[in-house]
Every structure is written in structure tokens, then in C-alpha cells.
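The values are calculated or read from the model by the stated rules, or taken from the named source; none is laboratory data. Keep in mind it's a predicted model, so treat the numbers as computed, not measured. Here Cβ is always computed from backbone atoms with ideal geometry, including for glycine, and neighbour counts include all displayed protein chains. The protein model used for the area step is the full one, side chains on, heavy atoms only, and it has no ligands, DNA or RNA in it. Shrake-Rupley method; radii C 1.70, N 1.55, O 1.52, S 1.80 Å.
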Amino acid sequence: MYGKGLLKGLGVTLKRFADTYLDDIKWMGKRYYTAEGLAHRSSKDAKGIFTVQYPEEKLPVPEEFRYVPFLVYDEGEDGEILNRCTACGICSKVCPPQCIWIERALDPKTQRPIQEPSQFIIDVDICMNCGLCAEFCPFDSIKMDHDYEIASYGRTVHHLDDLLKPASYYDEIRPVNSTREAAARKEAEEAKAAKKAAREAKAAARAAAKTD
Amino acid sequence: MTTLDFSRFGTSVAVDEREGYEGYLVSADKLVEFATALRDEYGYDYLSSVTGVDYIAEEKFEVVYHAYKTIGGAELVFKVQVARDKAEVPSLIDIYPGADFQEREAWDLLGIKFTGHPDLRRILLWEGFEGHPLRKDWQEAYYEEDIKPFKSRWPKAEYTRAEAQNPYGANVKYPDQFDPEKWVPEGEDALYGSLAKYETTDESGLKTDHLTVNLGPQHPSTHGVFRIAATLDGETIMNLKPVMGYLHRNHEKIGERNTYLQNMPFTDRLDYLSSLSNNFGYALAVEKLLNIEVPERAEYIRVIMAELTRIQNHLFAIGMFLNDLGAFFTPSLYAIEERELVLDIFEMVTGSRMMCNYFRFGGLARDLPAGSLQKIKDLVFDRLPRKTDEMDRFLSENEILRSRTVGQGYLSTEDAIKYASAGPVLRASGVPYDIRRAAPYSIYDRFDFNVAVRYNGDIYDRYIIRLDEIRESIKILQQAVEQIPEGEIQTGKPRYQMKVPAGEAYGRVEGPKGELGFYLVSDGKGNPYRYHVRAPSFINLTAFGPMCKGLKIADVVAVLGSIDIVLGETDR
Amino acid sequence: METKGLNSPGYEIPDDVKGAVAITTIDRIYNWGRRSSVWPLMFGLACCAIEMIATAAGRYDFSRFGMEVMRPSPRQADLMLVSGTVTKKMAPTIVRLYNQMPEPKYVVAMGACASGGGPFKEGYNVVSGVDKLIPVDVYIPGCPPTPQALINGLIKLQEKIDGQHWKDTRWYREGDLAAIPIPMLGPDLIYQEQIPAIKEASKEA
């Protein structure tokens, strides 16, 4: 029969239309603006309208989500900023569009380069959010941010001040990664300490052997 | 590689004996004869890729051809070398019409002249552009250094904006005595000149002239910045030429400056709907050069990701195709809903919805995070099969859709092979050619699936085959998520800079759009010497003009939608 | 939709007429009308266009902001969402489209490429951001911006519209509405204002 296909298709549309209202009733007003409602609307069982009412409700971003890079700093005891970055330059070398500019700081007395950046510039309007810098940073310093609400009325270039964010923020947005990295750091430190201890013990033994 | 007996060509055909290279070197004067024999006697009926390499140190260009048999098997590579100052190679367009656009591209970007090509115009840039950018001695306006990383980034940050230093481009080479006020852009004339014109006079002496119509580059149905120039007789297409390059982002030039790893995120932006397939092809090519293996678990994750990519790409393609037919946005909305759920998985696993940058040489960037496998299972065992059936019910029998598409935009089996169409376009014309079967890569030989094939070669079949392929992908996924083992996901330590042995490699995968190939030449350094992408969206368009001949102008849009192009890949 | 600010003129309304009258300023109602019906041009350039489509589709649905009417014709559009890499080959078309849009018109540079050239900036066929061609109102970083980031940018645009004063807008002043000269495709992209410099340079050579 001509038109059967059309009717079948319209049936699908009608079902989808009805689904929204049925789901609304089933959730009794909790379908919107609740975390469970949002999770339901993004799950395999989602039916009907599944609009996220941004900005009132926001989709939770997964841990691995990456936007623009930022620099992690540890907080010292009196709140001072201990930048993890050593200005080694690996991130700027690995960056595919070359959007990271780093200047190594100089020791004010000796004028020799030290392990700290005096300038760190990321041209966000070149950055391709690929995350390679964060992947290859050996000091867990440069990381990818979750904050995507950074639209502005001008071009975006991030300098050192804009980039620095505390380690607590990083722990909060990427708990799994930061725990793993902290454990790895601790392990490396312990290994280093053990190595040092072993070396010292060896030296002591040798010294003891000599005196014998 | 199979060795064939080409002794009857004498010294004109020799085995390429350079270290790390394969295939045959053919002398330019025997090329046409060789290619004819290859097609008619040796069964290599499908010329997949044509590209050029600029060996500037040896003062020569090399044109590289990759040919296959559509019954399956490994590729045959043959090459022609010509002197750099007299870069002329006979065109193979008469034997393999699919070489058309690729030869034009090689002319545009490398300046290799293909004698006998009927329409050798620039294809990605515009007529009148100065120079051929992929030549090794050509420098662009923002040229900084030959290779990355650039020295100005570290340890002294010399931050400047490139455009601030180039008022009109210090490296732009204007011809001698160039007077911008007297400049007449010639591109349009060349284009319209290439379209066959007609003029008829009827009995009463009334003259009828052709009508030229442009669709695009800003047109809602051209899937981005694509342009179609057509001559019409009333509403009937007499001749049609696609015009592209409006999104030519110089992928290959940038790729030759990048390190191998740096190219990985750039491949995401080729076919931006299916970034993980692009990652796959590129990783395969580099792994071939490096000669490294991929751990079992990583192979499974790769397959899972690639098949999810295919599903979401086809969903999007169907949605947009229905948009083009005039079913404005309802089918798209339904398709995009499912796509969003797949993208959620991508975001969870790779960190980004579209630009995944997930594959590494010898493995993956990271393992599947906790909970993601369950999400994938939810989709492939429950939601996606259900929703694919719903899509089928929703559209496939719709009389309006059928009357617009059945029998329209016909591409015969012979033509599909001849024009080097790939992917769903080829398979909808009755050629069961799928690289996952024809030359299995990764672990595709372990899965039980059918190669989707349809035989009518019309728009409807190109639509329905995408649904078939979604179903086959779901089948593969169901097997893969069940079989996936625990284990490592990376061979060796991930490195950001590596030396790659000199040689060439061609990695190809069955992308959602068709055969996606990466041709790499390494000179032993940290950056590819030549980096070429065999882009299915680009080459599938070769058949677009012939397919549209005789159709009404409104159907052109439907044909284009059924080819499913993505401009990022078409123009690169 | 936000109408909170609409009925608050900034001074006390007597209690006996509260709820019976609506008092507002011309600016507020004028801007409210405009910000609630920003029609984007159906114009996609590259990767970001896919995210723009995703934003227009069911899940993020920017019709909640009165933006669902995507116009394929620039003559009916208020907003040009530049979603992707601006290439030199495309540049003349973009300027032409912008010139064809009626005032008041806005431009949002979506993503890194449109804002500042993006990862492809170094390429020979890429313009370093659409602001080299036409004035841009809002820049949205990201490659590509997620749909939520795009909506965030569009809200920024609405805020900008809110802040406009009808007397100061350029489309009610005389003489400010000259069309932008269309660049030319020569040996490279030639901006009209560069022509004297290029002539000078070629004379020296």
C-alpha cells in the first residue's frame, strides 16, 4: 500500500513525542535539574527529549576531558607558590602547533639559568587541545584543564599568572590521575632514597673494610 | 609483496631496490603501456592512490602509484622518476579515470605536469597562486624553520604573532613586476572554460545557450565549504565539476614539518567525524616503518574505537543525507542523539568528543577508564541495535525517500572501480571490497562479520548500505567487547621523539568513508620526509560529476549527500 | 529565557501600580528583543561546524536561546558563527557574506582557528583568525569548543547585546556602515589596503 512506509515513520515520530511526556510522568518532576535525571537522560535508557538545560544544569565532564592546558603548583606551608614546572621545555617541544613559549629564569646573582620559568605563554588561540604536553611532562606540572567556559571578547593568550592553578584544584578535577601520579612520584622518591641509602651503606662498608 | 614477471618491458621496469622501498620503477615513456598491461593482464583494476615526492637532493620527482585487485590482496606499488626541472609524466587518466583529481592535486601542490590530462588545473589552491607549495624549496609566509620544534619557543620565549611580522608575507613570492591593480583573477575563467558548453539553434532560429549555476561554497547542502559548478539545460545537468580547496589547510606541508607524533592530533582533523579511524591509519603506517608490534589489548581497544567511530559517522551521514533530501532535521536529530551517546564514550576514554588523539605508535595513549567498557556494552548490546532498527523502520520504506533515491544517481560496478570509489560508494555498486577483509590489518581477521554489499548502485543503496554497515560494526563490537583481554596497552615506553628508519610505508584502513591511506617517506630523521593522505572523501568525488550527468539539479544534492564527504578530508 | 531584568527600570515603582504596569527602558526592551532572536547564518567551515550542528541538535538545543532559526541566506541572519579554519581561498567569500548581512550583525569566532589561526596557522592557505577580515564580537577558545562551551560563548554575546545602548550603535549612525573591501586572490591573498605596499615592493625588485 502506498503510504505505509510514511505511516510507519510517523509512528516512530509519534512514539518519540509521547515518550517525553511518559518519561516526565515517570520521573515525577525529577527529570530535569537533578543529577539523577541528567544521568538518566545520558544513559542507554534515555527516551524522549534529552536536552541538557545548560547553563542551569551542566553535563559532568569525565576525568580525562581536556580543554586548554594549565600549570599545577604546590602550596608551600605559608601559602607560597611552588611551581612544579622546571622550564625543561619538553612541552614546548612536543606541542604540535608550537603554541607554548617558555623562558627559563636566571639566577639573579649568577645570571645562570635555573630550573624555573620566568615566562610561560600559551597562545590558546593556536592550541589544539591535544594533551600531548600533559602526557609527556615529566614533572606532572602541565595538565589539561576542565574549565571550558572561557569565551571572551578578545583573543586569549595565557601568561604565567593565568596558567598557575593549585594542586588541590588538580586533585579535584582528576582524582584518579593525580593519585596515581602522586604514588609514582613517591615511589620514585623512595627508590632514589633507597639508592642513596644503599650507596651510603656501601661507602660505609668500604670505609669500614679499609680501617680493618 | 608478490613478485610479478615484467621481463617483457626489459629495462623500463625495474624492481625498486632502495633500502626500505618496495615496488617497481617504471620509466616515464613506458608508463602508459605498463599501466594498461597491469589493468588488463595482471588484474590490478583499481588504482587507489597517486602522489608525488620531491627528492630535491637527487634533483628529481617521483610519482608513486598504488594499485590493487578488487578481488583482494596486497597492493602493487609502482613509481616513475622524472627530472625536477622537466617534471612531466604521462597521465593515466585514460586507463584509470580515478587518477583525475589526484593528478591535478600533484600538479597543484608539486608542479608535476601530467601530459595528456584534459583538465590539468589547480584543484586545492586557486589558479594564479604562485608556486607549488609541497616542493621542498617552497616556503610559506609564516615560515620559521624546516622542522619542529622551533627554536624560538624555548629556552628564550620570543613570543610574537606570526601575522604581526608579516605585513603581507615576507616569503610570499610575487612574480616580477607584479602590479596588484592590474591583476585579473583567472581562476573562474579556467573553471568555466573547463565545463563543456553547448549552444543549439532550433528551427525558428532561436538560439539556446547554456546556463552555468554555482552551488556553494556557502550553501546549506554542500556539507561545508564545497562548491559545485554545473552547466544546465533547463534543470538537467549537462556537465558538473566539483570545486574544492576552500578548506585546504595544508595538512601535508605541516605534516612534513611535524615530528611523527605531532602528526597524530593533526590526523584527527582530517575527517573530523571519524578521528579515531584516521589515528588508526596513521599509526599503522608509522608502525610499519618502525616495525613494532601492538599489544593484544590495545588491538582490541583500537578495533572497538574504530568501529564505534564508523557507527557514529554513518549515523551522522544518514542524518545529514536526509537533511539534504529535505527531511529537515528530524532524522538528523534522531541520528545525532545516538551519536552523542557514542561521543560520550569517546570523551570518557580519549578526553575529547571529536579530536580524540588516542592512538600512539605501538599502542594507545591510555587504557580504558573504569566503567567505560560497561558503557560500551550497554550501547552495543542494547541501545544501538534497537535504535538502528528504529532508524530503519523510520526511513527505509518511506515512499518519498524511495521515490527520490531509487534508481537515481546510478554508478555502475565498472564505473565505481574505474573512478577509484571507495567504501560504501564502492560497495553499494556491487563490489564487495572491504580492506578489513581484502587485506586484513590489526585483528580484523578474528571477527565474524559480513562485508556489506548492495548491487543497484543508486542513492538508495548508498543510504541503506550504511545501515547494513552499522549492523556489521555492532556485530564486530559485540565480539570484541566480550573477547578483550587484560594486559599492556603500549609496547615500550611512550616517546615523543624518535628516529624512524629510512624507507617508505603505506598504511591503509577501511575508514567509514572508504580506503584511508597514509603514504610516508622517512629519511631516517625525526620528521616524515613526505606525508601524503589518500583521502576517500576526495577521491570519491571523482565519480560525482559522471553520476550527476542527466539528473535534475535538485538531485545533485542528494547524490552528494549519499557520497558522504567531509571537507576536512577532501581538502586536507 | 531571562526576563528578570526586563521589568526593572532601576527606580521605585509605587506599590499601588505594581503588577499592573510594566515599566522598562527603550534600551532594555530593544536589547531583549534582539538578544532573544539572534538568528545565526547557516554557515559551517570545518570541524567546529560539526559541534555547531551538535549544539543545534536535541541535546544542547540552542533554540532555548532563540537561535534555532538558522538562515542559509546572509540577508536574513544576525549572527555569523565562524566555525572553523578560515582559508585564503574562502576569505573573499566570507567578507562578501559579512557585507551582505544586514545590521545589526554580530560575529562569533568559534574555536582556535577562527580566533587566531589555530593549529593550522602556519599553513600557506590559512588566515590567522577571522578578525583579520571582519570585526569579531566574541572569541571562543577550544579546538573544537564543546557544545556547552559554544553556548557559553553565545551567552557572552547576549550579555554584550544587553550592554548596548541604541543611541551608540553603529547602525543608527551615519557613515559607519561602509562595506569591508573584499580581498583578492592573487599570487597570495591580497588585502585591498596592502596594494600600495605590494606595488612599492615590486617596483624595488
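Let's see how each residue does on (1) within 16 Å of B:LEU364 (Cβ to Cβ); (2) not in a helix (DSSP H, G or I):
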position	(1), (2)
B:PHE280	yes, no
B:GLU299	yes, no
B:VAL303	yes, no
B:GLN312	no, no
B:LEU315	no, no
B:LEU322	no, no
B:ALA327	no, yes
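Report yes if C:VAL86 is modelled with pLDDT under 85 and not small (Gly, Ala, Ser), otherwise no. No; evaluated as a whole, the condition is false for this residue. Filtering the stretch B:488-529 to residues that are open to solvent by 10 Å² or more (accessible area, probe 1.4 Å) and among the basic types (Lys, Arg) leaves B:LYS493, B:ARG495, B:LYS499, B:ARG508, B:LYS525. Residues of the stretch C:74-97 that are of a type in the set (Ser, Thr, Tyr), touching a residue at least 12 places away in the same chain (Cβ under 8 Å) and either assigned to a loop (DSSP other than H, G, I, E, B) or open to solvent by 10 Å² or more (accessible area, probe 1.4 Å) (or both): C:THR85 alone.
Looking at (1) more than 9 Å from every other protein chain (Cβ to nearest Cβ); (2) surrounded by 17 or more Cβ atoms within 10 Å (Cβ to Cβ), which one does B:LEU401 not meet, given that it meets all the others? That leaves (1) as the condition not met. If the condition is being open to solvent by less than 40 Å² (accessible area, probe 1.4 Å) and of a type in the set (A, V, I, L, M, F, W, C), then the stretch B:15-55 contributes B:VAL26, B:ALA28, B:LEU31, B:PHE34, B:ALA35, B:ALA37, B:LEU38, B:LEU47, B:VAL50, B:VAL53.
Rundown of residues vs (1) more than 24 Å from C:THR55 (Cα to Cα); (2) under 16 Å from the mean Cα position of the chain (by Cα); (3) not assigned by TED's automatic domain parsing to the domain that holds B:PHE538, yes/no style:
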{"position": "B:THR231", "(1), (2), (3)": "yes, no, yes"}
{"position": "B:PHE266", "(1), (2), (3)": "no, yes, no"}
{"position": "B:ILE292", "(1), (2), (3)": "yes, no, no"}
{"position": "B:PRO295", "(1), (2), (3)": "yes, no, no"}
{"position": "B:ARG302", "(1), (2), (3)": "yes, no, no"}
{"position": "B:GLN312", "(1), (2), (3)": "no, no, no"}
{"position": "B:ILE318", "(1), (2), (3)": "no, no, no"}
{"position": "B:ASN323", "(1), (2), (3)": "no, no, no"}
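Of the candidates C:PRO145, C:PRO135, the single residue that is part of a loop (DSSP other than H, G, I, E, B), under 14 Å from the mean Cα position of the chain (by Cα) and either modelled with pLDDT under 80 or within 14 Å of chain A (Cβ to nearest Cβ) (or both) is C:PRO135. Could you count how many residues in the stretch B:431-462 are in contact with a Phe, Trp or Tyr (Cβ under 6 Å, 6 or more places away or on another chain) and either charged (D, E, K, R) or under 17 Å from B:SER396 (Cβ atoms) (or both)? Adding up the residues that qualify gives 2.
Criterion applied to B:LYS148, B:LYS156, B:LYS197 was being at pLDDT 75 or above and more than 14 Å from chain C (Cβ to nearest Cβ), and the one residue passing it is B:LYS156.
Got at least one residue in the stretch B:553-570 being open to solvent by 10 Å² or more (accessible area, probe 1.4 Å) and polar (S, T, N, Q)? Looking through the stretch B:553-570, none of the residues is open to solvent by 10 Å² or more (accessible area, probe 1.4 Å) and polar (S, T, N, Q).
Yes or no: B:ALA422 under 22 Å from B:PRO512 (Cβ atoms), more than 10 Å from every other protein chain (Cβ to nearest Cβ), under 21 Å from the mean Cα position of the chain (by Cα) and assigned to a helix (DSSP H, G or I)? In short, no. From the set of residues in the stretch A:11-39 that are modelled with pLDDT under 85 and at positive phi, which is surrounded by the most Cβ atoms within 10 Å (Cβ to Cβ)? So the residue we want is A:GLY29. Filtering the stretch C:53-68 to residues that are open to solvent by less than 10 Å² (accessible area, probe 1.4 Å), of a type in the set (A, V, I, L, M, F, W, C) and more than 7 Å from every other protein chain (Cβ to nearest Cβ) leaves C:PHE62, C:MET67. Consider C:PRO102 against the criteria (1) farther than 15 Å from B:HIS219 by Cα; (2) assigned to a helix (DSSP H, G or I); (3) open to solvent by 40 Å² or more (accessible area, probe 1.4 Å); (4) more than 10 Å from every other protein chain (Cβ to nearest Cβ): it satisfies all of them except one. Which criterion is unmet? It is condition (2) that C:PRO102 fails. Any idea how many residues of the stretch A:6-30 are more than 10 Å from chain B (Cβ to nearest Cβ) and in contact with a Ser or Thr (Cβ under 9 Å, 6 or more places away or on another chain)? Residues in the stretch A:6-30 being more than 10 Å from chain B (Cβ to nearest Cβ) and in contact with a Ser or Thr (Cβ under 9 Å, 6 or more places away or on another chain): 1 in total.
Of all the residues in the stretch C:149-180, those that are part of a helix (DSSP H, G or I) and within 17 Å of the chain's Cα centre (by Cα) number 16. Filtered by the rule that a residue be β-branched (Val, Ile, Thr), touching a helix residue (DSSP H, G or I) at 6+ places or on another chain (Cβ under 9 Å) and open to solvent by 20 Å² or more (accessible area, probe 1.4 Å), the stretch B:181-236 gives B:THR212, B:VAL213, B:THR236.
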